[in-house]
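> Here's a structure for you.
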Amino acid sequence: MASSLLEEIVADDVSFVCRLNVDQLHQMLAAGVIYDGAPVELIDGLLVYKDRGDAGGKRMSHGPKHATVVNGLGELEKKVSECGFHVRTQLPVTLSDISEPEPDAAIVRGDNSSYTERHPTTQDVAVVIEVAETSLRRDQTTKQRVYSKAGIPTYLIVNLNADEIELYQSPIAEEETYRERRTLSRDDTLFLQLGDSTIEVQVADLLP
């Protein structure tokens, strides 16, 4: 038997928890109930604080190492733009009517002007990237489950603790997991499939 409210929520045994959908979240943002840019994201109908900290720092604040790596991910723009994609950092992607996470980076189809009326959806996203230090466990479990369930083709975790990249590919949506998982070190080359094109990225360029 669950001994706390949190455990009851996890076990889906609480009928009075108010879950949100994406439309309701957008209405709350438009009304100013939640301010735009607040460090929260919608996961399975629940608003979750984003963990952006470095080890020893505050989880809700941008840690210097985390911020440096996220900023560096924008340098992928030149390579991906040649394939008809662009990089978005820490912005929403709509995965379902109850999940709209804000990954540290996403490589999406089209250019920035393609999304003036909506956020990218699962059909638009080729790669999602999370930069993890204090957030590592959540990124390896909850985020991996949410992204695989949505059918995101490639999920990368920049593991700052181990100084490596965790590569997840070939989602099995019904099992909420990825079939292929690899760990890449600084000396490795990462191959990313973007539509009909493949780009090469040196793992060292993604690490601090």
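> Do any residues in region 163-177 that are within 18 Å of Ala132 (Cβ to Cβ) have Cβ atoms under 7 Å from those of residues that are among the β-branched types (Val, Ile, Thr) and not in a strand (DSSP E or B), where the two are at least six apart or on different chains, and which pairs are they?
Note: pairs meeting the criteria are Ile165/Val203.
> Looking only at residues that are of a type in the set (Val, Ile, Thr) and assigned to a loop (DSSP other than H, G, I, E, B) in region 92-110, which one is farthest from the chain's Cα centre (by Cα)? Don't jump to the end; show me each part of the working.
First, pick out the residues of region 92-110 that are of a type in the set (Val, Ile, Thr): 93-94, 98, 107-108.
Filter once more, keeping what is assigned to a loop (DSSP other than H, G, I, E, B): 93, 98.
Details: Val93: 8, Ile98: 15 Å.
So the residue we want is Ile98.
> Next up: Could you list all residues from region 111-170 that are in a helix (DSSP H, G or I), hydroxyl-bearing (Ser, Thr, Tyr) and within 13 Å of the chain's Cα centre (by Cα)?
Those that are in a helix (DSSP H, G or I), hydroxyl-bearing (Ser, Thr, Tyr) and within 13 Å of the chain's Cα centre (by Cα): Thr141, Thr142, Tyr147, Ser148.
> Go through region 171-208 and count every residue that is outside any strand (DSSP E or B) and either buried (at least 20 other Cβ atoms within 10 Å of the Cβ) or not polar (S, T, N, Q) (or both).
15
> Here is a follow-up. Between a first residue in region 19-45 that is at negative phi and touching a residue at least 12 places away in the same chain (Cβ under 8 Å) and a second residue that is assigned to a strand (DSSP E or B) and of a type in the set (A, V, I, L, M), which pairs have beta carbons less than 6 Å apart while being 6 or more apart in sequence or on different chains?
Pairs found: Leu25/Leu42; Glu41/Val48.
> What do you reckon, is Ala126 at pLDDT 95 or above, more than 22 Å from Pro39 (Cα to Cα) and among the hydrophobic types (A, V, I, L, M, F, W, C)?
yes
> Ala132: closer than 21 Å to Pro39 by Cβ and either at pLDDT 95 or above or of a type outside the set (Phe, Trp, Tyr) (or both), yes or no?
The answer is yes for Ala132.
> Continuing with the same structure: Looking at region 1-91, what strands (runs of 3 or more DSSP E) fall wholly within it and have at least 2 residues that are at pLDDT 90 or above and over 15 Å from the mean Cα position of the chain (by Cα)?
85-88
The values are calculated or read from the model by the stated rules, or taken from the named source; none is laboratory data. The structure displayed is predicted, hence computed values, not measured ones. All Cβ positions, glycine included, derive from the backbone under ideal geometry; neighbour counts span all protein chains shown.
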